[in-house]
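One structure below.
The values are calculated or read from the model by the stated rules, or taken from the named source; none is laboratory data. Quick caveat, the model's predicted, so the values are computed rather than measured. Note that we place each Cβ from the backbone using ideal geometry, even for glycine, and neighbour counts take in every protein chain shown. Ligands, DNA and RNA are excluded from the accessible area calculation, which covers all protein heavy atoms including side chains. Shrake-Rupley method; radii C 1.70, N 1.55, O 1.52, S 1.80 Å.
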Amino acid sequence: MLDSLLDNIYGAWFMPERTFRALREQPVLWQAFVVVGLLNSLDAVRRTGASLPGMILAVLMGALGWVTLTALLQLLAFCFGRSAPSFAALLCLTGFAGLPWLLLGPAQSLGGVAGSLLGLVALLWFVVWQVRAAAVALDLEWWRLVGLIPLTFLGGILALSWLTSGIVALASLS
């Protein structure tokens, strides 16, 4: 089991196309949750220190954001007439595509211009991997998906705005 997880992590780093296609056919959701949990807990340690409640909260919030954005991506793909694979496959692929986020902490620890530039490279790598993974999952060319991902974020922001406005409107009725 651990061998499979390490193989998929290695493959997502160094053979992403082949690994993403294999994970699309046979998603291993628990492994993707481990990857996302690890990424979020390490990020919490980097940002706030090694507090266990902070790490647990970061893992929960990270998982919630990951699932929500993946669901929005799948819904947008459906609305645009793209039949997506199972939600588990899309979730698995976007989870493993988050691995370049691990490079952000070491890049920022360098400080200065070099740290900022390497941090920017890590963020770009993260975005490129997310696009590649989603493109494989949705069986789209990557350049078509580039427009869909910002729409996913905008849709999420719009949904939160509407939800907030709705709650405020309901609260004002009483």
Checklist entry - Here is a list of conditions, (1) open to solvent by 70 Å² or more (accessible area, probe 1.4 Å); (2) over 22 Å from residue 152 (Cα atoms); (3) more than 17 Å from the chain's Cα centre (by Cα), and residue 30 meets all of them except one; can you say which number that is? => result (3)
Item to check | Qualifying positions in segment 58-87 - touching a helix residue (DSSP H, G or I) at 6+ places or on another chain (Cβ under 9 Å), surrounded by fewer than 15 Cβ atoms within 10 Å (Cβ to Cβ) and of a type in the set (A, V, I, L, M) | outcome: 60, 61, 75
Checklist outcome for this item: Exactly one of 96, 78, 20 is in contact with a Leu (Cβ under 7 Å, 6 or more places away or on another chain) and within 26 Å of residue 157 (Cβ to Cβ), and that residue is 96
Checklist entry - Out of the residues in segment 97-139 that are among the aliphatic types (A, V, I, L, M) and over 18 Å from the mean Cα position of the chain (by Cα), which is least open to solvent (accessible area, probe 1.4 Å)? => result 107
Checklist entry - What number of residues within segment 1-16 satisfy the criterion of being over 17 Å from the mean Cα position of the chain (by Cα) and touching a residue at least 24 places away in the same chain (Cβ under 8 Å)? => result 2
Checklist entry - From 35, 45, which residue is free of Cβ contacts under 8 Å to residues at least 12 places away in the same chain, part of a helix (DSSP H, G or I) and either charged (D, E, K, R) or out of contact with any Asp or Glu (no Cβ under 7 Å at 6 or more places or on another chain) (or both)? => result 45
Item to check | Every pair of residues 6+ apart whose Cβ atoms lie under 9 Å, when the first sits in segment 94-112 and is farther than 22 Å from residue 8 by Cβ while the second is among the β-branched types (Val, Ile, Thr) and at pLDDT 85 or above | outcome: 107/121
